[in-house]
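Contents: one structure, followed by commentary.
The values are calculated or read from the model by the stated rules, or taken from the named source; none is laboratory data. What you see is a predicted model, and the numbers here were worked out from it, not measured in a lab. Heads up, the Cβs are rebuilt from the backbone with ideal geometry, glycines too, and the neighbour counts pull from every protein chain shown. Accessible surface is based on the protein model in full, side chains and every heavy atom, while ligands, DNA and RNA are left aside. Shrake-Rupley method; radii C 1.70, N 1.55, O 1.52, S 1.80 Å.
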Amino acid sequence: MIDSSLKQLSAALAGKQVSAAELATVFLERIERLNPTINAFVTIDRDRTLAQARAADERRAQGERAPLLGVPLAHKDIFCTEGWLTTCGSKMLANFVSPYDAHVVSRFKAAGAVMLGKLNMDEFAMGSSNETSHFGPVKNPWDLDRVPGGSSGGSAASVAARLTPAATGTDTGGSIRQPAALCGLTGLKPTYGVCSRFGMIAFASSLDQAGPMTRSAEDSALMLNAMAGYDERDSTSLQRPPEDYGRDLDKPLAGLRIGLPREFFGSGMDDDVRAAVEAALNEYRKLGATTVEVGLPNSGLSVPAYYVIAPAEASSNLSRFDGVRYGHRAAEYGDLVEMYCKSRAEGFGAEVKRRILIGTYVLSHGYYDAYYLKAQKIRRLIATDFQRAFEQCDVIMGPTAPSVAFRFGEKSADPVQMYLSDIYTIAVNLAGLPGMSIPCGFGAHGMPVGLQVIGPWFGEAKMLNVAHQYQQGTDWHARMPEGVK
Amino acid sequence: MSLTPDEVRRIARLARLEISAEETDRTREQLNGILAFIEQLQAVDTAGVEPMAHAMDIVQRLRSDAVTEPDRREAFQAIAPETEAGLYLVPKVIE
């Protein structure tokens, strides 16, 4: 049961081979056994999960049929969940019980999915290794001495360790795709605006987007069908007709044009990653695809542009944490300003503070034009590069991350080194495009490698088709880490 | 561009973050590392390029000026550090 896909679990529930309550119990027991080692979950609540499961069983008994009815899954702790702790990996919100649900959470509730718990993450989604979480780092199930990636590291590790069949994640600069690559999963960041940001704790609002993290592309399609949709409470939510993201899964790939950006195949990537990515491209050629070299000449500027734009937006978004309405308040203070300064200094960790300070600086008087406006112009150049490239191809492929999962502590001393973990993923967020990572083999130390698939705006169904066809002929996505068998 | 300790303290003040004397040096070093990294943007010719604030060229939606949410003051204040008579309490700001 623990190794079944969402689709198989859905069928087993529909066929009454298992009840939602039995299924939740199986996963809860696994979480209780393995989570002390992996640290993927920060909140579990057995009674409430089982109550949700029994309610799903009741809905089925009443004749309701829906693909996710009774299916267990877990949410990144950035999504507000009514009545449950929602910590965002921070001391600032360590006691925050949300009074409402995120839109994405309410969509899953309506679909009848059962929540197994809340998943660990880098503090306020700022990090690429899960080492910035207030609740301790998540371990990579493939090697407990290595990072799971970040910021959706708990989501990635929990699915890889079969603690949950699927999870939600969020991606501002690579936070779904990079951990998916490092843990051997399928992860999809949709086009900006496809999933509502309502109730998803804001980091950089013009970049943040929610998406599914699963083992297979087929399961990601099922998840995205539930997550996507217009929400008037998010001013950037897109009003589009509903889609079945799985509609094209079975289409053959003959004639598919794959763009290979020369900038993604330079010296930045490790040899083991390159070998796995090249092998995957050969697999696609066998499936009838052709490859064409494309140029993204400004993509090298994406990381520095991102580290102006994202901290600027973060410094504004995180000003709401003031110790007045919710969250941490310092025990001792004199006046109001001191209350703010102490509460925030105590509540935020080092990386979050660094980004708030950078953002405050680039937005401050006299520097706005030189940094923020300049970065926004470069953002335009990066987005235009992609538009030109998509005139020659249907999807773009390359590595998701420059290396396999690194060891704890390896990059945490130098912020800029850590930022470069997202060198291949950040441009996609700046352009608002959908991006995916799919497992394409193993590199050094037996660690998974991810192939990144980038589509044009609203190309999700095509990308899922491209991923699914590859997964019909390969089994990288189905491998299970030895230590959790 | 390199920040001085005074500038670090000024930025921290603007950001409402208390910063100790010991933290100032280390923070300054790390911020200068990040600023040196983003400095490469200055070399790019962006003459005539329109700034891109958002991925989608969408216009701000407007809604009618009508009450859509129920009053949930009690639920929202139940999680506040300090409240009284429906108000949030903070240190006195006006004498």
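Structure notes:
- Going through (1) more than 26 Å from A:H468 (Cα to Cα); (2) of a type in the set (S, T, Y); (3) within 14 Å of chain B (Cβ to nearest Cβ) one by one, A:T172 falls short only on (1).
- Close pairs (7 angstrom Cβ cut-off, 6 or more residues apart or separate chains): at negative phi in the range A:468-479, among the polar types (S, T, N, Q) and assigned to a helix (DSSP H, G or I) anywhere: A:H477/A:Q471
- Hey, A:A94 among the hydrophobic types (A, V, I, L, M, F, W, C), under 30 Å from A:R344 (Cβ atoms) and touching a Ser or Thr at 6+ places or on another chain (Cβ under 6 Å) or not: yes
- Scanning the range A:8-58 for residues that are within 22 Å of the chain's Cα centre (by Cα), farther than 12 Å from A:M115 by Cβ and not in a helix (DSSP H, G or I) yields A:N39, A:A40, A:V42.
- Within the range A:365-381, the set of residues being open to solvent by less than 10 Å² (accessible area, probe 1.4 Å) and in a loop (DSSP other than H, G, I, E, B) is empty.
- Index of the failed condition, B:D65 passing every other in (1) within 25 Å of A:A314 (Cα to Cα); (2) open to solvent by 80 Å² or more (accessible area, probe 1.4 Å); (3) not small (G, A, S): (1)
- Residue ranges of helices (runs of 4 or more DSSP H) in chain B with at least 2 members at the interface with chain A (Cβ under 10 Å from one of its Cβ atoms) and in contact with a Pro (Cβ under 7 Å, 6 or more places away or on another chain): B:21-38, B:73-77
- Members of the range A:235-254 that are among the charged types (D, E, K, R) and open to solvent by 100 Å² or more (accessible area, probe 1.4 Å): A:R247, A:D250, A:K251
- Look at the range A:35-52: where a residue is open to solvent by 70 Å² or more (accessible area, probe 1.4 Å) and a partner is part of a strand (DSSP E or B), sitting 6+ places away or on another chain with Cβ atoms under 6 Å, you get A:I44/A:G117.
- If you go through the range A:464-485 and keep only what is assigned to a helix (DSSP H, G or I), among the aliphatic types (A, V, I, L, M) and open to solvent by 10 Å² or more (accessible area, probe 1.4 Å), you end up with just A:A478.
- From the list A:G327, A:G349, A:G366, A:G334, the lone residue that is closer than 24 Å to B:T24 by Cβ and within 9 Å of chain B (Cβ to nearest Cβ) is A:G334.
- Hits in the range A:316-325 (condition: under 18 Å from B:E84 (Cα atoms) and either open to solvent by 50 Å² or more (accessible area, probe 1.4 Å) or in a helix (DSSP H, G or I) (or both)): A:R325
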